[in-house]
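These notes are about the structure you will find just below.
The values are calculated or read from the model by the stated rules, or taken from the named source; none is laboratory data. Fair warning: this is a prediction, and the values are worked out from it, not measured in the lab. Neighbour counts are summed over all protein chains in view; Cβ atoms, including those assigned to glycine, are modelled from backbone coordinates with ideal geometry.
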Amino acid sequence: MAMIKIGWLFPNTFNLHGDRGNILALEFELRRRGHEPVTDKITLDTKEFHPLDYDILFCPPGEMIHFKAVIDYLMPVRQDLLTFIEKRPLLVTGTSIAMFGKKVNRVDGSNFDGLGLIDVELVENDRVYGDDLYFSCRYNGKEMEIIGNQIQMMDILLKDEAPFGLLHYGYGNTGETRFEGVHEGKAIFTNTLGPILVGNPWLTCEMINLVEENKEIQPFLEERDNQLELASMKTKTDLIAKKESHLIPVSGRVR
């Protein structure tokens, strides 16, 4: 048994869309493999936060009004975060992606700088878009399909970054391309809510596989039973297939 440390970023500030389920999914899979998950809640009141003390970091979606305070808190450990994502999994979902980009443009005309971990610019929309989200991606060398939903409050303008996935259906980053999210190092920045790790346990498994590789832990050989989740995905994709799509076919690269 190995102790695996999870850093849960700002759960008292960012707590939208039930994305705490991602923490539960990680803890469940770790226990299934015989590991001991230890989850620390990092808040603005945490006196010292050292990203490299953790094996996994997760940041859920939140309201933009809180972003500046969180960016200020994380800026002193920005370099540690860059080092972290070279080999360790960071999952950021929904609106919180904005904090890790270079610039955030608000709908009122104001703007502010993000942490700059990823080379993207974020533009707040003047309306909210919600729908299913279905795409293909690759993580830790494994191809997979991901399904969930999206409550889009901003557009993600990629510069020299690879998307996390290519859409089969949904709005994605801008509603005008097939790009979904951002993939930088071992970090995932995705619009997918649901929560993503509950509905797509194959992604959860790859994140834990990566942790085991990093810690040189013997791989866990017992396959997880995903029949329920696969059946759920088929039901959802069958419904999506009946929807009208306005995807624009463009070329793209996926890491």
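In this structure, is L16 surrounded by 14 or more Cβ atoms within 10 Å (Cβ to Cβ) and under 17 Å from the mean Cα position of the chain (by Cα)? It is true that L16 is surrounded by 14 or more Cβ atoms within 10 Å (Cβ to Cβ) and under 17 Å from the mean Cα position of the chain (by Cα).
Going residue by residue through region 217-233, is there one that turns out to be under 17 Å from D131 (Cα atoms), modelled with pLDDT of 90 or more and not hydrophobic (A, V, I, L, M, F, W, C)? I'd like the intermediate steps shown before the answer.
At the first step, the residues of region 217-233 found to be under 17 Å from D131 (Cα atoms) are 232-233.
Remaining after also requiring modelled with pLDDT of 90 or more: 232-233.
Applying the additional criterion that residues be not hydrophobic (A, V, I, L, M, F, W, C) yields 232.
There is at least one residue in region 217-233 that is under 17 Å from D131 (Cα atoms), modelled with pLDDT of 90 or more and not hydrophobic (A, V, I, L, M, F, W, C).
Here is the figure for region 206-223: residues that are closer than 21 Å to L91 by Cα and of a type outside the set (S, T, N, Q) total 8. Right, V77: over 17 Å from P11 (Cα atoms) and surrounded by 16 or more Cβ atoms within 10 Å (Cβ to Cβ) or not? Yes; evaluated as a whole, the condition is true for this residue. Residues of region 80-109 that are part of a strand (DSSP E or B), more than 17 Å from F14 (Cβ to Cβ) and not basic (K, R): N105 alone. Note on region 202-243: residues that are surrounded by fewer than 21 Cβ atoms within 10 Å (Cβ to Cβ) and outside any loop (DSSP other than H, G, I, E, B) amount to 21. Among residues of region 168-188 that are on the phi > 0 side of the Ramachandran plot, those with a beta-carbon under 9 Å from a residue that is among the basic types (K, R) at least six positions away or on a different chain give the pairs G172/R178; G185/K87; G185/R88. For I147, the criteria (1) under 23 Å from L210 (Cβ atoms); (2) under 16 Å from the mean Cα position of the chain (by Cα); (3) not in a strand (DSSP E or B) hold in every case but one, which is (3). Scanning for something surrounded by fewer than 22 Cβ atoms within 10 Å (Cβ to Cβ), within 13 Å of V182 (Cβ to Cβ), charged (D, E, K, R) and touching a Leu at 6+ places or on another chain (Cβ under 8 Å), does region 101-116 turn up at least one residue? So far as region 101-116 goes, no, none of its residues is surrounded by fewer than 22 Cβ atoms within 10 Å (Cβ to Cβ), within 13 Å of V182 (Cβ to Cβ), charged (D, E, K, R) and touching a Leu at 6+ places or on another chain (Cβ under 8 Å). Annotation note: Cβ proximity below 9 Å between a residue of region 1-21 that is within 25 Å of K215 (Cα to Cα) and assigned to a strand (DSSP E or B) and a residue that is modelled with pLDDT under 95 and basic (K, R) (sequence gap 6+ or interchain) occurs for W8/R20.
Which of the residues belonging to region 110-133 are part of a strand (DSSP E or B), within 28 Å of I208 (Cβ to Cβ) and in contact with a helix residue (DSSP H, G or I) (Cβ under 6 Å, 6 or more places away or on another chain)?
Restricting attention to region 110-133, the residues satisfying the condition of being part of a strand (DSSP E or B) are 111-113, 120-133.
After this cut, where a residue has to be within 28 Å of I208 (Cβ to Cβ) as well, the list is 120, 132-133.
Residue satisfying the conditions is D132 alone.
When region 173-200 is filtered for residues that are touching a Gly at 6+ places or on another chain (Cβ under 8 Å), assigned to a loop (DSSP other than H, G, I, E, B) and under 25 Å from D108 (Cβ atoms), the ones remaining, listed by number, are N173, N191.
Counting the residues of region 64-92 that are out of contact with any Phe, Trp or Tyr (no Cβ under 8 Å at 6 or more places or on another chain) and either among the β-branched types (V, I, T) or under 21 Å from Y171 (Cβ atoms) (or both) gives 4. Figure legend. Inter-residue proximity from region 130-159: first residues under 20 Å from V107 (Cβ atoms), second residues of a type in the set (D, E, K, R), beta-carbon distance below 7 Å, spacing 6+ or different chains. Indicated pairs: Q150/D131; M153/E124; M154/E124; L157/E121.
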